[in-house]
Every structure is written in structure tokens, then in C-alpha cells.
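The values are calculated or read from the model by the stated rules, or taken from the named source; none is laboratory data. Values in this document were obtained by computation on a predicted structure and should not be read as measured data. In this analysis, Cβ positions are derived from the backbone assuming ideal geometry, glycine residues included, and neighbour counts consider all displayed protein chains. Protein only, heavy atoms only, side chains kept; ligands, DNA and RNA dropped before computing areas. Shrake-Rupley method; radii C 1.70, N 1.55, O 1.52, S 1.80 Å.
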Amino acid sequence: MTPKSGVFLGGSCIAAIAAVGSIFELSYGDPQLGTVLTGLILAVSIPLTVVFFVAAVRDTRANL
């Protein structure tokens, strides 16, 4: 694993945590940041999680 892979994997973890937190906030019914902003965070963080994870796997495989 290279440092670049680690950064991608860390970004994937942070984005996944943001997605889970947004789901909990929206299911609670009264998000602290508002429904629109929390929904936007959720909509951005899900694809970002996948993109960062795929980038980390590709970089790791390229450097084996």
C-alpha cells in the first residue's frame, strides 16, 4: 500500500461516516443542519465513498 492509497482509503472512510451520519440525522426527523443541506451531504458522500474506494484499490493493485 502506498501513501496515496492510504489517503484514498481514508477519504473513503470519512465520506462513508458522513453518509451514515446523514442517514441517522434524516431518519431522526430534525437534522441540525437542515434537511436540504443534510440531504446534499448524503447525495455527495455516497458516490464519493465509492470513487475513493475504487481509486484506493486501483492504486494498490498498480503498485503490487
| query | Helix 35-62 versus the longest principal axis of the chain: what is the Cα-based angle in degrees, 0 to 90, to the nearest 10? | reply | 10 degrees
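In the neighborhood of residue 4, defined by Cβ-to-Cβ distances under 14 Å, what is the net charge if each Lys or Arg adds +1 and each Asp or Glu adds -1?
Details: positive: 58, 61; negative: 59.
My count for the surroundings of residue 4 gives +1.
Leaving ligands, DNA and RNA out of it, report the carbon-plus-sulfur percent of the accessible area of the chain at a 1.4 Å probe.
Details: 3320 of 4510 Å².
The value for the chain is 74 percent carbon and sulfur by accessible area.
Per residue, how many Å² of accessible area does the chain show with a 1.4 Å probe? Could the numbers behind the result be given before it?
On the way: 4510 Å² over 64 residues.
On a per-residue basis, the chain sits at 71 Å².
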| remark: Whole-Hz Karplus couplings 3J(HN,Hα) for segment 28-34, θ = phi - 60° and coefficients 6.51, -1.76, 1.60, Gly and Pro as x, run 5, x, 9, x, 5, 8, x
| message | Between (i) 8.4; (ii) 4.1; (iii) 5.9, which entry matches mean projected area of the Cα convex hull in nm² as derived from the coordinates of this structure? | response | (ii)
| task | Provide the per-residue ³J(HN,Hα) series for segment 9-20, in order, calculated from phi with Karplus coefficients 6.51, -1.76, 1.60 and θ = phi - 60°, each as a whole number of Hz, with x at glycine and proline positions. | result | 5, x, x, 5, 5, 5, 5, 5, 5, 5, 5, 5
